Amino acid sequence: MKKLLIAFAVLLFIALVIVTARGRISFGGKTEEADGEYFRLGTIVRLRLFGKDKKFLEGELERADAEIARLEALFSANAADSEVRRAGGEWVRVSPETYELLRRALEIAEETNGAFDPAIGRITGLWKIGTEEARVPGAEEIRAALLRCGYRNISLKEEDGARFIKLSKGARIDLGAIAKGRAADILAKKLCEDGVKSALIDLGGNLALVGAKPDGKAWRLGIQDPGKARGEYFGVVETSDGSVVTSGPYERFFEKEGVRYHHIFDPETGYPAKSEFSSVTVADRDSTKADALCTAFFVMGRARAEKYLEKHKEIAAIFLLDGENRILITDAARGLFTPSDKSFSLESIGKGKK
């Protein structure tokens, strides 16, 4: 299974960044590049750093990998000794990083009316999608697990500069739909502080960009077409110094008796969410928010996502309708996105009634 995840992540990276290599020009003087590839956060992490000092860039790669490993040890829903897993019915002291991530997670959960739920761990733990133990749980198991889900089961507090979390009895945290975004934000900030001017961070499809390309132009990022082979995309996002996150049911799934079960769960039903979307992309300087909103929008479906976006017109989002050559796009994304397949129509979402 790990080999399959590695192969998949490499292909996803190629699909997302294949167009970034075109027309690359150096900074003015020789441009050095340092690339790193690591298995972290349950996926392949790819880092590309650019600058004039190769030795400096290679040192930054080592420091970046160490930082990702440190964050994974805090946020992992699977590692028994992570801060997330140690949380229970009593107040548990946690690091500032874990506390801040949970604070943001609860904020977004509230804003999306629970479509994004950081306390869905009992459900994800039943299905185990993405592992060799993936299965279809019984209806009674799911009903029992749902009683222990819901973001309001997570409590936070600060005392004398220390930070604590507590869960309602039987609840379990799973930050899989936001942790990579947060890690990307932290990593991008550290690279900037260390003096890296241009970098592409890929955390299993969650892309964060430091600066522009070495030639000063925006990065060009292809969005995978779920209905086609890996590396074929239906459009391109151009942006710099920000983040682009894409999610969809094609990313991680298993099949049982001819039925496909994907990894994006509806917190209300405990089953993989039924959505009109086959792909959701959010571009934002805040990768934490972009990551969580991709999941929330997929769970919401078109009608609820439309209502949310009518109130949040600043969000740059792109949706591909399942089984149709139709792309829905917010006004905030129109300056960033260009369809690459002329057979796809481009329609507005989130504008509200005229």
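The values are calculated or read from the model by the stated rules, or taken from the named source; none is laboratory data. None of the values given here were measured: they were computed from a predicted structure. Neighbour counts are summed over all protein chains in view; Cβ atoms, including those assigned to glycine, are modelled from backbone coordinates with ideal geometry. Only protein heavy atoms, including side chains, enter the accessible area calculation; ligands, DNA and RNA are left aside. Shrake-Rupley method; radii C 1.70, N 1.55, O 1.52, S 1.80 Å.
Looking at Gly89, Gly130, Asn113, which one has the Cα that reaches farthest to the positive end of the dipole of the stretch 87-170 (charges on Cβ: Lys, Arg +1; Asp, Glu -1)?
Toward the positive end, the furthest listed residue is Gly89.
Taking the stretch 181-259, which GluC sites (Glu not before Pro) meet the DSSP loop condition and have no more than 13 other C-beta atoms within 10 Å? Walk me through the numbers on the way to the answer.
Numbers: sites: Glu193, Glu232, Glu238, Glu251, Glu255, Glu257; in loops: Glu232, Glu251, Glu257.
Filter output for the stretch 181-259: Glu257.
Provide the solvent-accessible area of Tyr308, counting protein heavy atoms only and rolling a 1.4 Å probe, rounded to the nearest 10 Å².
20
Report, to the nearest whole %, how much of the accessible area of the stretch 178-284 belongs to carbon and sulfur atoms, 1.4 Å probe, protein only. Numbers along the way, then the final one.
On the way: 1710 of 3860 Å².
Here it works out to 44 percent.
To the nearest 0.05, how large is the calculated FRET efficiency for Thr338 and Ala139 if R₀ is 51 Å and r is the Cβ-Cβ distance?
Numbers: r = 45 Å, r/R0 = 0.88.
Approximately 0.70, to the nearest 0.05.
Lys/Arg Cβ at +1, Asp/Glu Cβ at -1, dipole of the chain taken about the Cα centre: which of Asn153, Ala183, Ser275 is farthest positive-ward?
Going by the charge dipole, the pick is Ser275.
Please give the per residue accessible area of the chain, computed with a probe of 1.4 Å over protein heavy atoms only, in Å². Mind dumping the intermediate values first?
On the way: 16050 Å² over 354 residues.
Result: 45 Å² per residue.
Find how much the distance from Cys192 to Glu33 grows on full extension, using 0.36 nm per residue of separation minus their present alpha carbon separation; answer in nm with one decimal. Don't skip to the answer; put the middle values down first.
Details: separation 159, 0.36 × 159 = 57.24 nm, distance 1.60 nm.
55.6 nm is the gain from fully extending Cys192 to Glu33.
State the Cα centre-to-centre distance between the stretch 108-132 and the stretch 169-210 in whole Å.
Centre-to-centre distance over Cα atoms comes out at 19 Å.
Rounded to the nearest 500, what is the 222 nm mean residue ellipticity of the chain from helices alone, with -39500 (n - 2.57) per DSSP H run of 4+ residues and division by all residues? Mind showing how you got there, number by number?
Values: 8 runs with 114 residues, N = 354.
Computed mean residue ellipticity for the chain: -10500 deg cm²/dmol.
If you average over every viewing direction, what projected area does the convex hull of the Cα atoms of the chain give, in nm²?
Working: hull surface 74.3 nm².
Here the figure is 18.6 nm², rounded to one decimal.
So for the stretch 37-142, considering every pair of alpha-carbon atoms, how many percent are separated by more than 19 Å? Write down the numbers at each step before the final one.
Numbers: 3399 of 5565 pairs.
That fraction is 61 percent.
How big is the charge dipole of the stretch 268-354 about its Cα centre, in debye rounded to the nearest 20, if each Lys and Arg gets +1 on its Cβ and each Asp and Glu gets -1 on its Cβ? Kindly include the intermediate steps, with their values, before the conclusion.
Working: 14 positive and 13 negative charges, 71 e Å.
Dipole size: approximately 340 debye.
Taking the Cα centre of the chain as origin, sum charge times position over the Cβ atoms of Lys and Arg (+1) and Asp and Glu (-1), and report the length of that vector in debye to the nearest 20. List each step's numbers first, then the result.
Numbers: 56 positive and 54 negative charges, 74 e Å.
Dipole magnitude for the chain comes out near 360 debye.
Modelling each spin label as a point 7 Å along the Cα-to-Cβ direction, I'd like the His312/Ser95 distance in nm, to one decimal.
2.7
Please state the shape class of the stretch 255-317: rounded when a/c is under 1.5, otherwise prolate if a/b exceeds b/c and oblate if not, all from the C-alpha gyration tensor.
On the way: a/c = 2.49, a/b = 1.88, b/c = 1.32.
Here the stretch 255-317 falls in the prolate category.
Placing +1 at every Lys and Arg Cβ and -1 at every Asp and Glu Cβ, with all other atoms neutral, what dipole size does the stretch 83-239 have around its Cα centre, in debye to the nearest 20? Please list the in-between numbers first.
On the way: 26 positive and 24 negative charges, 47 e Å.
Its charge dipole is roughly 220 debye.
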